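Accompanying notes for the structure given below.
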Amino acid sequence: MKELVNEVENEVKSIFEKQENICEVNENKVLQAFINHKVSEAHLQGTTGYGYGDVGRDVIECIFAEIFKTEDALVRTQFISGTHTISTVLFGILRPGDIVLSINGKPYDTLDEVIGIRENVSSLKAFGVSYEQIDLDNGKFDFQKIKERVSKKDIKMVMIQRSKGYADREAFSISEIEQAIKTVKDADENVVVMVDNCYGEFVSVKEPSEVGADVTVGSLIKNMGGGIAKTGGYIVGKKSLIELISDRYSAPGLGKEGGATLQNNRDILQGIFMAPHIVCQALKTAIFASRLLEKLGYEVSPKYDAERSDIVQMVKFKDADKLISFCQGIQSYSPIDSHVVPEPWDMPGYENKVIMASGSFTSGSSIELSCDGPLREPYIAYLQGGLTYGYGKLAVIHAAEKIHKE
């Protein structure tokens, strides 16, 4: 295995350099935002109670708006996950009688009950919001069908999920998202386009909000938290939409003026600052894993030298036992709970049993090295994260050795 690892590392050197160049652009973007908004010691402090007059929270939202080049932002620790953040956007903007259209097929599993694909008395469907989807054509947007459907001018919102989720497809590039948004807007300029940006931040030099997205959404325990933020989510976009969403986040009339940050401002600010570098480390880990596992005979996506638009690496095992074993291998080489053996279980919000390895400092953090997958054919492992390439590489080698021996 040592010779194979050395061979892989020589092959991926030039790919690593490309990612480091992207990282440098994004680091400059973040640093300039900190400088422009004069971040100081006072902004690192938090508030309690109602949280009125929280200057740290305010500057965080200004920084997010500048990084994403949007009019406004809502960045709060009260969002418990990416799903919760997306749900807040949907319920904030959509009204009874509206239609929401997903143009990349069915979205991530945990949104099924939010939308009403699976029955729930609190779903959008239960409140009179209709859902439609346009399936992908060989993993790509079906632009003709999108144009035809949106041209009827009865769609209120179009949803785009940048990352693959648990689907067997590539993440969408910024250029693909730009083309999709242009197709939608050309058909009906009044449609609100929301992009689920989870796992995609800082992978490229542009974000969906820079190519036409009206609202862009993500989680702070993924890329944007830099492995430091302990909870939370962000929403960036048009000011009028952020106002609507803020009334759903808190209560009508309260908007975004309140919301205690406790002792989280320091973590969020430091997390944003570190995020471009940490994302680069996660990408290096994914690139290495892709080439190593491909050389060991497994089907991987994306290939090590392909353009990336998220931090997720798919490995298709086509065998439930190998999927389980690989995830267990990642867990056993993690800093937290390395002695724990993960098993598939019925996770809330998922249709199939899911195995999840996440020996992370922050529970469920996907920017720290984790590996998971639903127990359904073709038994794909979704590997993501890695606070440093060195630690990520060690875990991947260990997991690969484990399944190779078995």
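All of the numbers you see were taken from the coordinates with simple rules; none came from a lab. Given the structure is predicted, the values throughout are model-derived calculations rather than measurements. All Cβ positions, even for glycine, are placed from backbone atoms using ideal geometry, and neighbour counts span all protein chains on display.
Here are some notes:
- Most positive-pole-ward Cα, Ile174, Met194, Ser358, against dipole of the chain from beta carbon charges: Met194
- Under 12 Å, Cβ to Cβ, from Ser204 - net charge with Lys/Arg +1 and Asp/Glu -1: -2
- The residues neighbouring Ser334, those whose beta-carbon lies less than 15 Å from its own, together hold a net charge of -1 under the Lys/Arg +1, Asp/Glu -1 convention.
- For Glu299, distant residues with modelled amide H under 5 Å away: Lys316
- Dipole magnitude for region 45-271: computed about the Cα centre from +1 point charges on Lys and Arg Cβ and -1 point charges on Asp and Glu Cβ, it is near 140 debye.
- Charge dipole magnitude, Cβ of K and R +1, D and E -1 - region 38-174, Cα centre, debye nearest 20: 340 debye
- Normalised contact order of the chain, rounded percent, pairs of Cα under 8 Å and 6 or more residues apart: 18 percent
- The chain: angle of helix 389-405 to the longest principal axis, Cα-based, in degrees nearest 10: 50 degrees
- With θ taken as phi - 60° and the Karplus curve 6.51 cos²θ - 1.76 cosθ + 1.60 applied, the whole-hertz 3J(HN,Hα) list for region 310-325 is 8, 8, 8, 10, 8, 10, 8, 8, 6, 7, 4, 5, 5, 4, 4, 5 Hz, x standing for glycine and proline.
- Only beta bridges with both residues in the chain are counted; by DSSP, about 65 percent of them are antiparallel.
- For region 42-92 versus region 218-244, the spacing of their alpha-carbon centroids is 7 Å.
- Taking every alpha-carbon pair under 8 Å whose residues sit at least 6 apart, region 166-249 reaches a relative contact order of 23 percent.
- Neighbour-count ranking [beta-carbon atoms within 10 angstrom, fewest first] of Ile117, Ile380: Ile117, Ile380
- Within-15-Å neighbourhood charge of Asp321 [Cβ basis; K, R +1; D, E -1]: +3
- Taking 0.36 nm per residue of sequence separation and removing the Cα-Cα distance, the Glu351/Val55 pair yields an extension gain of 102.4 nm.
- Given +1 at the Cβ of Lys and Arg, -1 at the Cβ of Asp and Glu and no other charges, the dipole of the chain around its Cα centre is 120 debye to the nearest 20.
- Dividing the helix sum by the residues of the chain, where each DSSP H run of 4 or more adds -39500 (n - 2.57), gives a mean residue ellipticity at 222 nm of -13000 deg cm²/dmol.
- Normalised by the number of residues in region 45-271, the mean separation of alpha-carbon contacts (under 8 Å, six or more apart) gives a relative contact order of 31 percent.
- Zone residues, region 69-100, relative to Ser363, backbone N less than 16 Å from point 7 Å out along Cα-to-Cβ: 78-82
- Counting only alpha carbon atoms, the long axis of helix 265-295 and the longest principal axis of the chain meet at about 40°.
- Think of the chain as having a plus end and a minus end, set by charges on the Cβ of Lys, Arg, Asp and Glu; of Tyr379, Gly349, Val315, Gly349 sits farthest toward the positive end of this dipole.
- Those trypsin sites (Lys or Arg not before Pro) in region 104-177 that DSSP places in a loop and that have at most 15 other beta carbons within 10 Å: Arg118, Lys152, Lys153
- Scoring 224-235, 189-200 by mean Cβ neighbours within 10 Å over their residues and listing the highest first yields 224-235, 189-200.
- In order along region 65-81, the Karplus-derived 3J(HN,Hα) couplings, from 6.51 cos²θ - 1.76 cosθ + 1.60 at θ = phi - 60°, round to 4, 6, 4, 8, 6, 10, 6, 7, 8, 10, 10, 9, 6, 6, 6, 8, 6 Hz, and Gly and Pro are given as x.
- Ascending count of other beta-carbon atoms within 10 Å, so fewest first, for Arg57, Arg76: Arg57, Arg76
- For Thr183, Thr388, Thr77, order by how many other beta-carbon atoms lie within 10 Å, fewest first: Thr388, Thr183, Thr77
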